[in-house]
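Values in this text are rule-based calculations from the coordinates and carry no lab data. None of these values were measured; they are calculated from a predicted model. Cβ atoms come from the backbone with ideal geometry, glycine included; neighbour counts cover every protein chain shown.
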Amino acid sequence: TLNNIKWMAYIRNDRPVGQMLSRMSNLMEASIGRGGSLITLREEIAYIEDYITLMKIKYNEKLSIHYDIPEPLLNVEVIKFMLQPVIENSIHHGIEPLKGQGEIFVWAEREHEVLKIVVRDNGVGMEEERLREIEAWLADDSGSRLSQRIGVKNVHDRIRLQYGDYYGLTIRSGPNRGTTVEYRLPIKQLEEGEDYGIKNIARG
């Protein structure tokens with residue numbers, strides 16, 4: 001249905017609307033689980049680009065994102081949609097209340113056999129009490145309904161379920177100091193035949 005509406009927009013020469021619908025289609029197709037739960041970091045960044053493009057409808061020039069990811073790491077295996085919940089939190093809880101330009105930085109590096117990905121924003125940050133609360137949720141293995149409602153908790157648990165308890169998320173923040181979320185995953189090359197994601201995402 002979205003594709004049909006997209007092409008109607010193109011036929012009527014409303015290219016910006018068509019492009020937005022294309023971005024939304026990409027995200028919806030990925031979110032229904034088509035193609036498996038493991039993808040490359042390159043594909044995960046493509047989903048983030050779709051998401052940020054849509055968010056700019058609301059935030060316009062207030063929101064910008066910057067990447068620093070070495071080319072070889074773009075082909076490393078990651079969990080699908082592991083960046084989006086953290087970036088969503090950065091936007092809504094860190095940047096939206098911020099006076100002035102909001103920026104998100106995403107970078108990755110290899111530490112021996114560990115892939116470290118960092119998402120940092122320049123938002124309003126959080127009080128120590130709130131940070132401790134989130135850290136407690138991340139450590140909660142009881143399966144409580146409260147902890148399951150937290151998007152970052154879901155990502156943290158998915159990473160540990162896939163790769164083991166050594167991996168997952170850590171969070172640093174402070175009032176008016178932004179928030180930094182660090183991901184730790186093993187360095188693994190995704191091979192066809194595994195739980196492989198969408199190889200070629202159509203852009204329009």
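Distance between the pseudo-spin-label points of ASP14 and ARG132 (7 Å out from Cα toward the beta carbon): 5.2 nm. The overall shape of region 60-151, judged from the alpha-carbon gyration tensor, is oblate: a/c is not under 1.5, and a/b is no greater than b/c. Straight-distance candidates among the aspartates and glutamates for linking to LYS188, with alpha-carbon spacing under 18 Å and chain neighbours fewer than 8 residues away dropped: GLU43, GLU44, GLU71, GLU77, GLU109, GLU111, GLU113, ASP165.
For a modelled paramagnetic label at ILE187, 7 Å from Cα along Cα-to-Cβ, the residues of region 60-80 in reach, with backbone nitrogen under 13 Å, are 70-77.
Remark: the TYR67-HIS112 segment gains 14.1 nm on full extension, using 0.36 nm per residue and subtracting the alpha carbon distance. For region 93-140, the relative contact order is 38 percent, taking Cα pairs closer than 8 Å that sit 6 or more residues apart in sequence and dividing their mean separation by the residue count. The aspartates and glutamates within cross-link reach of LYS58, meaning a Cα-to-Cα straight distance under 19 Å and a gap of 8 or more places when in the same chain, are ASP14, GLU49, ASP50, GLU88, GLU96, GLU103, ASP121.
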